[in-house]
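We did not get these values from a lab; they are worked out from the coordinates using the rules stated. In this text, all values refer to a predicted model and were calculated from it rather than measured experimentally. When we count neighbours, we look across all protein chains shown, and the Cβ atoms used for this are built from the backbone with ideal geometry, even at glycine.
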Amino acid sequence: MQVSASSDDHYAQRDPDVRLMLRVRDGDAAAFEELVLRYQNRLLTVLEHMTGRRDLAEDLTQDVFLRIYRARERYMPNARFSTWLFTITNNVALNARRSLARRHEVNMETTESGSMEPLAQMALEASGQMPARLADKTEVQEIVRSAVANLNDRQRMAVLLSKFEGMSYADIGEVMELTPQAVKSLLSRARGSLRNALTPYLEHGQRPEAARS
């Protein structure tokens, strides 16, 4: 019990969201509502990019919060709250994608409502070029969506946590059960894939095959 109290104090002193979750553990409904307000849009963005479906992302966001609430009495802070939350989110997203794949209903492209700015910035940085065709912003975002959609699941999740959540290699590693070095390598490969996908478009206006339909 002393170790538990020490763990609570360690993370509660450093993370206000841990303090909120500890209040949820003690039965404070208002604290749970505050956590939902802080994270629901962030979860929705990540899950939409992972599944390619807004309606499914909304359902999965509710599922994540339901899991958190059901686990409240067993909550023991051994990481930052966001790390714990996105670990659950990662597992939920991967389970959902496996289920979609079994039903042959996977649609990898994200919808227009998903925020693309951080991904677009990263993709353009990865290309090492300034695009010659920025007049049509919608077209650029479509090309970036297609490139990100073609990343594998692990690369995409690492990119989303890095660009949308600003997580360090160590934090992403905790979420994805990888070493920081493995995360660094994963992100490097993702940037390389984005560079290969975007360079023909940025240099010659050649749209990737997946974005031509």
* Structure fact -> Along the stretch 163-171, Karplus-curve 3J(HN,Hα) (6.51, -1.76, 1.60; θ = phi - 60°) to the nearest Hz, with x for Gly and Pro, reads 8, 8, 9, x, 6, 6, 4, 5, 5
* Calculate the all-directions average of the projected area of the stretch 31-77's alpha-carbon convex hull, and give it in nm². => 3.5
* Placing +1 at every Lys and Arg Cβ and -1 at every Asp and Glu Cβ, with all other atoms neutral, what dipole size does the stretch 2-102 have around its Cα centre, in debye to the nearest 20? -> 400
* **Extension reserve of the residue 74-residue 153 stretch, reckoned as 0.36 nm per residue once the Cα distance is removed** => 25.5 nm
* Structure fact -> The residues 94, 37, 187, sorted from fewest to most surrounding Cβ atoms within 10 Å, come out as 37, 94, 187
* Once the stretch 2-102 is represented by equal point scatterers at the alpha-carbon sites, with solvent omitted, what log10 I(q)/I(0) does the Debye formula produce at q = 0.12, 0.13, 0.18, 0.21 Å⁻¹? -> -0.41, -0.47, -0.82, -1.03
